Amino acid sequence: MPRKVFLVLLLLVGSFHPSLYGSRKEVPGPVLESRRAHGVAPNIDGFLDDGIWERDPLTTTTWKSYDPIRGEPMARRTDVWVAHDDRYLYFAFRCYDDEPEKIRTTISRRDNVFGDDWVGLSLDAFGTGQTSYHLMVNPSGIQMDALNSTAAGEQWATDFVWDSAGQITDGGYQAEIRLPLQSIRFNGGEEVRMGVLFWRRISRMGVSSAWPELLPGQWVFDSHAELVFSGLEQPPLLEIIPSVTYSLNQSRLDPERWSPSDNDPQAGISLKYGLTSSITLEGTFNPDFSQVESDAFQNQVNTRFPIFFDEKRPFFMEGNSLFSVAGTGGDSNMRSAVHTRRIIDPNVGLKIAGTEGRLSFGYLSAADEAPGRVFDEGDSNPHAGKKRYFNIGRAQYSFGQASYFGGIVTDARFADGYNQVRGGDAVIRIDPRQRISMTFLDSDTLSADGSEEKQGRSAQFTYNFDTLGSGCSPRLSTTTKTSKWRRPLSTARA
């Protein structure tokens with residue numbers, strides 16, 4: 001049975017993992033300290049003329065390349081400053097360049113300036129090696145951001161609320177970032193320790209560099225320096241978003257006459273409340289998502305699989321990466337356990353997500369009006385007026401850097417049918433060169449009319465080995481899978 005195979009592999013690998021027993025000693029990395037911004041906060045305009053930036057920059061020594069080759073000293077100097085107050089984290093960069101006229105910068109859409117020069121950071125706010133915020137900005141202040149997690153990798157659909165500005169100068173360019181504390185989740189206290197890594201790309205040279213150095217065979221969580229903040233607390237989080245819409249539709253029956261008007265008034269409200277600095281509770285009733293970015297155009301002709309649109313609706317974004325299971329990062333979203341875009345038109349929803357110590361958890365419940373909707377009088381929907389109900393629970397326990405065990409349970413019910421999924425996953429970093437990921441999912445499905453019952457199981461086991469040579473490391477990867485896919489396993493895709 002695939003379930004037994006998965007559990008045996010999990011126990012065998014776990015039994016040899018030294019971090020489970022506390023015997024593994026982490027190599028101490030560099031430690032940086034943020035300065036508190038007393039008095040007037042810095043103005044985010046790209047000019048580093050505020051008092052907080054007049055102090056000496058952080059000691060970041062030599063930046064080294066990680067793309068396309070590794071380990072080469074950066075050809076241009078980069079200075080970094082970090083500050084904070086009761087509401088924001090501030091980051092400033094002075095990127096030296098003796099040929100400023102060759103700096104590439106464009107005015108473009110968000111997340112669309114990777115071909116430019118840019119500078120930024122990776123911030124592991126919890127310091128657990130599980131999730132980090134990636135923030136980059138080009139010399140014109142255009143933003144790029146992503147949420148990076150152990151299970152799902154970089155998710156560029158995520159858009160945080162933060163401010164940035166950039167300016168080209170005679171000696172290169174400068175950039176500033178202001179990150180609201182309410183946009184990130186962390187454990188507040190008198191001394192808060194986060195992981196941080198800075199990176200910069202020089203477009204005309206085609207080279208990306210970082211500090212601390214990104215070593216071959218390692219990834220960003222292995223390279224974070226420690227960034228210390230004094231007296232950093234999460235401000236009280238309370239967001240209330242009311243919405244009122246009114247639509248009126250009419251059509252011409254003939255050149256002289258209009259049809260009767262079709263009125264559709266709608267009102268709704270969404271609320272987010274911070275139970276603690278690291279746990280949030282959200283609720284929504286009849287939400288209006290018209291304020292979010294429109295979906296990108298995608299070709300739906302001659303496609304073998306369903307189209308996946310990125311999730312950008314505010315209610316579903318908080319803690320969304322937590323619902324990703326191991327082995328589903330990158331373009332492998334056909335194995336997703338949860339795809340919340342299948343909740344098309346929620347009438348009501350409730351969600352709690354957060355982290356407490358080594359435990360991360362999330363719960364999502366929603367009622368979707370779309371499956372039972374009748375669009376025209378001639379529609380013959382046998383389940384007209386019925387809603388589909390979703391319940392999704394997820395928990396992860398981290399041990400060691402970038403390693404965790406997790407479990408997930410999902411349930412979707414519509415009319416007389418249901419789709420239930422249970423599963424577990426794990427990512428285990430044996431050492432800097434070896435990494436294992438594994439997932440097992442078990443599915444039971446009953447059709448909406450109660451006439452057809454189906455079951456499915458899926459398991460994956462992946463072993464990655466990276467050499468510590470220079471340049472692009474060859475990768476040895478072995479993968480085993482067993483599956484009986486009759487329907488998608490996800491409740492959010494049922």
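The values are calculated or read from the model by the stated rules, or taken from the named source; none is laboratory data. Every value quoted in this text rests on a predicted model; they were computed, and no experiment measured them. No Cβ is skipped: glycine too gets one built from the backbone with ideal geometry, and neighbour counts run over all protein chains shown. To get the accessible areas, we keep the full protein, side chains included, count just its heavy atoms, and leave off ligands, DNA and RNA. Shrake-Rupley method; radii C 1.70, N 1.55, O 1.52, S 1.80 Å.
At 1.4 Å probe size, with the rest of the protein present, what percent of the exposed accessible area of region 129-263 is carbon and sulfur atoms?
Carbon and sulfur together cover 50 percent of it.
Which cross-chain or sequence-distant (5 or more) residues have an amide H under 5 Å from the amide H of Ser140, H modelled 1.01 Å from N in plane?
Thr106
For every other residue with a beta carbon closer than 9 angstrom to the beta carbon of Phe289, add +1 if it is Lys or Arg and -1 if Asp or Glu, then tell me the sum.
Charge balance near Phe289 sits at +1.
DSSP loop GluC sites (Glu not before Pro) in region 375-456 with at most 10 other Cβ atoms within 10 Å of their Cβ, which ones?
When the GluC sites (Glu not before Pro) of region 375-456 are filtered for loop state and at most 10 Cβ neighbours within 10 Å, Glu377 remain.
Calculate one ³J(HN,Hα) per residue across region 443-455 by plugging θ = phi - 60° into the Karplus curve 6.51 cos²θ - 1.76 cosθ + 1.60, and present them in order as whole Hz with x for glycine and proline.
So the J values, rounded to whole Hz, are 10, 10, 9, 10, 4, 4, 8, x, 9, 10, 10, 9, 9.
Averaged per residue, what accessible area in Å² does region 151-294 show with a 1.4 Å probe, protein chains only?
Accessible area per residue: 47 Å².
Give me the 1.4 Å probe accessible area per residue for region 415-469, excluding ligands and nucleic acids, in Å².
With all protein chains present, region 415-469 gives 38 Å² per residue.
Say the cut-off is 21 Å between C-alpha atoms; which of Lys272/Lys387; Lys351/Lys454; Lys351/Lys387 go over it?
Correct reply: Lys272/Lys387; Lys351/Lys454.
Go through 132-145, 80-93 and give me the packing order, highest mean Cβ count within 10 Å leading.
My ranking of the peptides, most packed first, is 132-145, 80-93.
Which of the chymotrypsin sites (Phe, Trp or Tyr not before Pro) found in region 145-196 are loop residues per DSSP with 10 or fewer other Cβ atoms within 10 Å of their Cβ?
When the chymotrypsin sites (Phe, Trp or Tyr not before Pro) of region 145-196 are filtered for loop state and at most 10 Cβ neighbours within 10 Å, nothing remains.
Taking a ≥ b ≥ c as the square roots of the eigenvalues of the Cα gyration tensor of region 29-148, is the shape rounded (a/c under 1.5), prolate (a/b larger than b/c) or oblate?
It is rounded, given that a/c, with a ≥ b ≥ c, falls under 1.5.
What is the magnitude of the charge dipole of region 48-178 about its Cα centre, with +1 placed on the Cβ of each Lys and Arg, -1 on the Cβ of each Asp and Glu, and no other charges, expressed in debye to the nearest 20?
Charge dipole of region 48-178: 320 debye, to the nearest 20.
Which loop-located GluC sites (Glu not before Pro) does region 222-262 contain, where loop means any DSSP state but H, G, I, E or B and the Cβ has at most 10 other Cβ atoms within 10 Å?
Here the sparse-neighbourhood loop sites are Glu256.
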